[in-house]
Amino acid sequence: MWIDSHCHLNHKNISEAGTPPEIIARAKENGVDGLQTICCRISEELDELLNITNAHDNVWCSIGTHPHSAGVETEKDIPLDDIISLANQHDKIIGIGEAGLDYFYDYAPREDQGMMFRKQIQAAKETGLPLIIHTRDAEEDTIKILREEGACDGATKVLMHCFSSNETLAQQSIDEGFYMSFSGMVTFKKNTALQDIVKTVPLDKILVETDAPFLAPMPHRGETNEPAYVRHTGQFIADLFNLREEELAAQTTQNFFRLFDKAQKTYNEPSKAA
């Protein structure tokens, strides 16, 4: 079975693939046993995400502010103590983020991005939940802030989501013991640099994701992405390691539950056909 560690079931673009119940059902029909839908703006999304997760087995969510929203969702809107309280209150909230820095689009002032990133690092440290990181064209500041805020202490759990950065950040992430998740981008024919990076990551630190509705893997590139497609990314990575699909599925699922260990509290193992 596969776990889609990162998708956006409430995103307006994913509606092209159906309603959340239809998308979740189709994922399970394609061997995706669980998924995590990610929060990008707490004040606008969290209630909707909790409604989705509470209505479905093996669907979890995170709590966090995307760097794009850092300029509009401030400390005043969602204090650190509120994030901690909400994360501890709801069994289906299993991660913090997605948090981080995005200097490619710069939709939010960099100072605001940094402040929100630091706040969410502290939330991860206080709750013990994994920190889900988005970083784009901001590699140096990302690792700098992580170190300054004590997230490289060996105790804080960190996931580099949809990894597509350079070799330097990849090696720093490996050295720090971070988990790294890969999306459909790795299946793109010309993305050989990312494929080479994947092969350097320890197998016990790899997760797979769709980032749906974005970044559909081959052979669905250009379509609306959905969790059912995560197995294409998984199969591609299995081939990179000369593993069978079921071997990598088992490994990445084990990695997911080791990292997002709170998910085990509400996990319902699928019944096996006789």
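The values are calculated or read from the model by the stated rules, or taken from the named source; none is laboratory data. Computed from a predicted model, the values in this text were never measured in an experiment. Note that we place each Cβ from the backbone using ideal geometry, even for glycine, and neighbour counts take in every protein chain shown. Surface areas here come from the heavy atoms of the whole protein model, side chains and all, with no ligands, DNA or RNA. Shrake-Rupley method; radii C 1.70, N 1.55, O 1.52, S 1.80 Å.
Please report the relative contact order for the range 1-58, taking Cα pairs under 8 Å with a sequence separation of at least 6, and give it as a percent rounded to a whole number.
Reported relative contact order: 45 percent.
Could you go through the range 33-48 in sequence order and give the Karplus-derived ³J(HN,Hα) for each residue, using 6.51 cos²θ - 1.76 cosθ + 1.60 with θ = phi - 60°, rounded to whole Hz, and x for Gly and Pro?
7, x, 7, 10, 9, 9, 8, 10, 8, 4, 5, 9, 10, 4, 4, 5
Run the simple label-point estimate for Glu44 and Ser15 please: 7 Å along Cα→C-beta, distance reported in nm.
Roughly 1.4 nm, to one decimal.
Okay, helix-only estimate at 222 nm for the chain: each DSSP H run of n ≥ 4 adds -39500 (n - 2.57), divide by all residues, round to 500 deg cm²/dmol; what do you get? Don't skip to the answer; put the middle values down first.
Values: 9 runs with 104 residues, N = 274.
Helices in the chain give a 222 nm mean residue ellipticity of -11500 deg cm²/dmol.
Where the centre of each part is set by its Cα atoms, how far does the range 211-255 sit from the range 57-115, in angstrom?
26
Multiply the residue gap between Ala155 and Leu203 by 0.36 nm, knock off their C-alpha separation, and tell me the result in nm, one decimal place.
Additional length available on full extension: 15.3 nm.
So who's got an amide H within less than 5 Å of the one on Val32, skipping anything under 5 residues away but keeping other chains? H placed 1.01 Å off N, in plane.
The list, which skips near neighbours in sequence, is Trp2.
How large is ³J(HN,Hα), in whole Hz, for each residue of the range 173-183 in order, when computed from phi with the Karplus curve 6.51 cos²θ - 1.76 cosθ + 1.60 and θ = phi - 60°, using x for Gly and Pro?
So the J values, rounded to whole Hz, are 5, 4, 4, 7, x, 6, 7, 9, 10, 10, 9.
Run the quick spin-label model on Ile174 and Met115: label points 7 Å from Cα toward the beta carbon, then report their separation in nm to one decimal.
Placing both labels 7 Å beyond Cα along the Cβ direction yields 3.8 nm.
May I ask you to give the percent of accessible area on the range 17-158 that is carbon plus sulfur, with a probe radius of 1.4 Å?
Working: 2620 of 5820 Å².
The C+S portion of the solvent-accessible surface of the range 17-158 is 45 percent.
Which label marks the calculated value of Rg and Dmax of the Cα atoms in Å, given the options (1) 25.3, 82; (2) 22.7, 73; (3) 17.2, 57?
This structure yields the entry labelled (3).
Which entries of Lys92/Lys189; Lys144/Lys205; Lys28/Lys205; Lys12/Lys92; Lys119/Lys199 show an alpha-carbon separation above 28 angstrom in the structure shown?
The answer is Lys92/Lys189; Lys119/Lys199.
Accessible area per residue for the range 190-274 in Å², computed with a 1.4 Å probe and the full protein assembly in place, what is it?
On a per-residue basis, 51 Å².
For Lys76, go through the aspartates and glutamates and keep the ones whose alpha-carbon is under 13 Å away, minus same-chain ones fewer than eight residues off.
By straight Cα distance, Lys76 reaches Asp112.
Largest first, what is the accessible-area ranking of Met185, Met218 with a 1.4 Å probe? List each step's numbers first, then the result.
On the way: Met185 40, Met218 90 Å².
Accessible-area ranking of Met185, Met218, largest first: Met218, Met185.
Could you calculate the contour length gain from Asp91 to Lys189, that is, 0.36 nm times the residue separation minus the distance between their Cα atoms, to one decimal place in nm?
31.3 nm
Calculate the spin-label point distance for Glu269 paired with Glu247, positioning each point 7 Å from the Cα along the beta-carbon direction, and give it in nanometres.
Reported label-point gap for Glu247 and Glu269 is 2.3 nm.
Mind listing the phi-derived Karplus ³J(HN,Hα) values for the range 256-262, rounded to whole Hz, using 6.51, -1.76 and 1.60 with θ = phi - 60°, and x for any glycine or proline?
Values per residue, Gly and Pro as x: 4, 6, 6, 6, 9, 5, 5 Hz.
With charges set only on the Cβ (+1 for Lys and Arg, -1 for Asp and Glu), what does the dipole of the range 9-162 come to about its Cα centre, in debye to the nearest 20?
280
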